[in-house]
Each structure stands twice: as C-alpha cells, then as structure tokens.
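These notes concern the structure reproduced below.
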Amino acid sequence: MNKLLFIILISGLGACTHKEQSAAVDESFIHYCTDKILDITMEDIYSPPVASRVFVYPYVTCYEVMENGSGRSFMKYISKEWNPKPDFDTSGISYPLAALKSFCIVAKGMVFSEYLIDSLTTEFELKIKDVPKETRQKSELYAEFIAKQVKAWILKDNYAFVKSAAQYTIPDADSTWTITPPSYDKALEPNWKSLRYILLDSINQFFPPAPPLFSKDKNSQFYKYTKAVYDTNNLKNKDFQLLAKYWDDNPNEYFTTGHNTYFTHRISPPGHWLNITKEFCKKNNLNLHESSKIYAHVCLGIFDGIISCWNAKYTCQLIRPVTYINRYIDPKWTPFIQTPPFPEYTSGHSVISGAASEILIHFFGDKSFQDSTIVRWGFDVRSFNSISDAALEASRSRFYGGIHYEFGINEGLIQGRKIGRHVINKLDLLSKNNSNNENSK
C-alpha cells in the first residue's frame with residue numbers, strides 16, 4: 001500500500017508539473033498581449049487604418065501556428081509562396097508556445113515602440129522558463145520559421161507605396177470633401193485603398209450604392225439629411241451626447257484652451273472592437289486555439305473592412321456635414337465631437353462595427369454583454385442587450401456626434417456586415433479545403 005501510495009504521489013507531482021507548463025502557454029497570455037498591443041497603438045498614436053494593420057498580422061500568425069498544430073494551414077491558401085513544412089524535425093514542439101512567440105516576433109515589426117514588445121517578450125520568456133529546454137528551443141525555432149514567412153508576406157502588402165505615394169489633392173467642387181475644423185488636418189491615408197486586402201475578392205466587391213445627389217436646394221434630399229444632423233445636434237440631448245462620446249474612439253483628440261493646444265490619446269474604433277472580442281473570449285473560457293481563431297477572424301474583418309471603406313471614401317469624396325452646414329446653413333455651427341480628416345461616405349466606425357459584430361455573432365450568438373473598454377477614461381461599464389445593438393449604437397453615435405449623415409452610417413453598417421459575413425464564409429471554405437486535403441491523404 002505504501003509503495004502504491006508513493007507511485008500515486010509521484011504521478012501526481014508529474015501531472016502538476018505538466019499543468020504548470022501548460023499554464024505558461026495558455027490563452028491568458030494572448031489576452032495579455034491584446035491589452036499590451038492596444039496600449040502600444042495608443043502610445044504610437046496610430047490612426048484607425050494603421051491600427052488595423054498592426055493588429056491583423058500578429059493575430060493571423062498566432063492562429064496559423066495553432067492551426068499547424070492540428071495539421072492544418074490557412075496561410076498556404078492566402079500566400080502563394082507559403083511553405084508550411086520546415087526542413088527540421090517538428091516532433092516535440094509546443095504549438096501554443098510557438099504561437100505566442102511568433103505573435104511577439106511579428107508584432108515587434110509592426111510598431112514604433114519596439115521596446116514595449118521587447119518587454120512583452122521578456123515577460124513571456126519568464127513564463128516559459130520551466131518548460132523543458134528542448135521543447136522550448138524547438139518551439140522557438142518553429143516560431144521563427146513561421147514569423148520569417150509572415151514578415152516576408154507583410155513586405156509585399158504595398159504599405160511602402162501607400163505611405164509614400166502622392167498626397168491627396170482636394171477637388172474644386174462644392175460636393176467634395178475638404179479639410180475640417182478645428183485642426184484642419186490633411187487627408188488621412190488617401191492611398192489606403194491601394195493596400196493589399198487579404199480575403200476580399202476585389203477592392204470593389206462591397207462598394208456601397210451611390211449616396212444621395214449633392215444639392216444646396218432646401219427641398220432636396222441631401223439638404224434634408226444635412227438638416228437632420230444640424231437639428232439633432234442642436235437638441236443637445238444628453239443621451240445622444242453620451243453615446244457620441246462613448247463611441248468617439250478618437251485616437252488623437254485635439255483641444256485648444258487660450259493659446260495652448262493639447263491632445264489626448266484614446267483607443268481607436270478597431271481597438272475598441274478588439275477589446276470587446278477579448279472580453280467575449282475570456283467570458284466564454286475559450287482556449288488559446290479558439291481565442292486565436294476569433295481574434296484572427298475579427299482582425300481580418302476590420303482590416304479588409306477599412307480598405308473597402310477607404311476605397312469608397314476617396315472614390316465618392318463626399319463633403320462632411322460640418323462643411324456643408326457652415327457654408328449653407330450656419331457658419332458658426334460645430335459638431336459635438338470632432339470630425340476626422342477624411343471624406344464622409346461611408347462611415348468607417350459603422351463598417352468596422354458591422355464587420356466585427358457579424359463575426360462575433362457568428363461565434364457567440366447575438367448575446368447580451370457588458371463593455372468596459374473605456375472605463376479607464378472615466379466612463380461607466382456599458383450594458384448591451386445584444387452584439388447587434390452595440391454595433392447599431394456605435395454606428396448611430398456618429399450621427400449624434402454631428403460628423404456623419406444618416407445614409408453614411410446606414411450604408412456603412414450594411415457594408416461592414418457583408419464583409420464580416422464574407423470573412424466567415426471565406427475562412428470556412430479554407431477550413432473545408434484543409435479537411436478535404438487531410439482526408440485524401
């Protein structure tokens with residue numbers, strides 16, 4: 001009996017050690033990475049389009065490695081040059097360890113504040129210090145193998161051209177966008193539509209219907225849409241203003257007091273929905289593979305969604321409400337929140353919210369939830385009856401804030417939902433291709 005008890009105790013100690021090693025590379029660290037990368041995008045003051053690019057590549061990398069651990073790859077269907085099989089022995093690899101390590105490697109190449117990713121990597125290395133040396137070394141080698149391919153793929157996304165191409169020339173027409181108060185910043189990312197999309201079939205796949213015809217006529221549809229923005233803002237409805245501020249998500253808000261100008265850095269619309277994604281994964285106790293899958297889906301939807309949206313914005317080049325109202329209705333009027341420096345149609349926040357919400361609903365159902373994303377900026381935790389309610393509220397907040405016409409937010413939400421559904425369908429198809437290939441072996 002004593003010998004049996006001894007064996008049981010020794011077995012139990014071994015099991016504890018295994019659990020400790022597993023805990024070092026579980027889903028908790030990817031959620032921690034999410035918190036850190038959100039902070040870094042605010043520290044580096046990334047615009048919503050750039051933030052979407054910073055997010056998508058590390059999460060896609062993490063998901064690819066976790067898929068590799070199950071004998072699958074979706075990157076081989078996305079990149080023609082992808083090599084899913086390294087020339088070294090992969091037996092004994094910890095794919096969770098490799099996934100998180102590869103996330104850190106790729107993330108470092110996406111940000112200005114590389115030292116913050118270095119700190120994150122150091123924290124990760126401390127977490128895995130008790131993992132057997134051989135397992136750790138093999139896993140890190142595999143992480144480098146995947147990350148190297150991802151970085152080569154990233155270099156071909158046309159970002160260098162997007163950032164160096166000719167700046168936007170404002171057309172000389174009454175209907176077109178021009179720089180807006182208070183900061184009168186130049187057009188933001190006018191060449192973003194030239195960035196390589198990942199899952200869209202074409203840049204114009206989800207191009208929205210034409211907006212109402214521009215007109216100064218007080219009886220025209222366009223004038224009525226603009227007057228609705230003006231009248232709603234002038235109500236100074238406290239509930240509307242709360243929603244506008246809650247979903248403002250302005251990563252670089254501009255203030256002037258006397259002769260002093262200062263900025264506040266907050267989360268962007270992509271960051272807000274990434275944090276909501278994190279909270280859903282945590283609440284539902286998803287493991288690392290499941291969490292990485294949902295992060296990747298949401299980030300792909302937001303990334304391709306912004307490219308599609310920016311294509312519409314700089315093709316339609318539509319005037320913002322503040323410009324129209326100042327010219328033709330009230331020269332002293334200002335919107336409740338600041339108008340961002342890019343054309344009106346369609347609403348970027350609406351497209352982002354539509355894409356992210358469609359994907360989250362697919363995985364979790366249209367469930368109620370609580371959002372604590374902006375508690376750090378003095379807001380209360382906000383409760384929603386459903387994910388779709390949150391997306392609709394985020395979209396309408398731009399109308400309440402005075403920066404979008406209703407047709408811009410309505411069509412943006414539709415556009416985003418279509419893109420979210422497309423991402424789901426496309427990745428489902430790739431998953432089926434993986435399964436069919438496995439079955440044919």
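Observations on the model:
- Unmet requirement for Phe103, which otherwise passes all of (1) over 17 Å from Ser28 (Cβ atoms); (2) touching a Phe, Trp or Tyr at 6+ places or on another chain (Cβ under 8 Å); (3) surrounded by 19 or more Cβ atoms within 10 Å (Cβ to Cβ): (1)
- Flag for Pro211 being more than 30 Å from Thr61 (Cβ to Cβ) and in contact with a Cys (Cβ under 9 Å, 6 or more places away or on another chain): yes
- Checklist (1) within 30 Å of Tyr324 (Cα to Cα); (2) exposed (fewer than 15 other Cβ atoms within 10 Å of the Cβ); (3) modelled with pLDDT of 95 or more applied to Asp118, failing item: (1)
- Filter result for the condition that a residue is under 20 Å from Lys148 (Cβ atoms) and in contact with a helix residue (DSSP H, G or I) (Cβ under 9 Å, 6 or more places away or on another chain), over Tyr63, Tyr46, Tyr32: Tyr63
For (1) assigned to a loop (DSSP other than H, G, I, E, B); (2) among the aliphatic types (A, V, I, L, M); (3) surrounded by fewer than 19 Cβ atoms within 10 Å (Cβ to Cβ), each residue gets a yes or a no:
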residue: Tyr184; (1), (2), (3): yes, no, yes
residue: Glu189; (1), (2), (3): yes, no, no
residue: Leu200; (1), (2), (3): yes, yes, no
residue: Gln205; (1), (2), (3): yes, no, yes
residue: Pro208; (1), (2), (3): yes, no, no
residue: Lys218; (1), (2), (3): yes, no, yes
residue: Val229; (1), (2), (3): no, yes, no
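- Among the candidates Ser194, Ser220, the residue that is without any contact (Cβ under 8 Å) to a residue 40 or more places away in the chain, small (Gly, Ala, Ser) and more than 30 Å from Asp330 (Cβ to Cβ) is uniquely Ser194.
- Residue within the range 132-141 that is assigned to a loop (DSSP other than H, G, I, E, B) and modelled with pLDDT of 95 or more present: yes
- Taking each residue of the range 127-153 that is farther than 13 Å from Ala98 by Cα and looking for partners that are part of a helix (DSSP H, G or I) and among the hydroxyl-bearing types (Ser, Thr, Tyr) with beta-carbon atoms closer than 8 Å, six or more apart or interchain, yields Asp130/Thr17; Val150/Tyr57; Val150/Thr61; Val150/Ser102.
- Set Thr315, Thr334: member being of a type in the set (Ser, Thr, Tyr), assigned by TED's automatic domain parsing to the domain that holds Ser388 and closer than 26 Å to Ala210 by Cα: Thr315
The values are calculated or read from the model by the stated rules, or taken from the named source; none is laboratory data. Everything numeric here is computed off the predicted structure, so don't read it as measured data. Backbone-built Cβ (ideal geometry, glycine too); neighbour counts: all protein chains shown.
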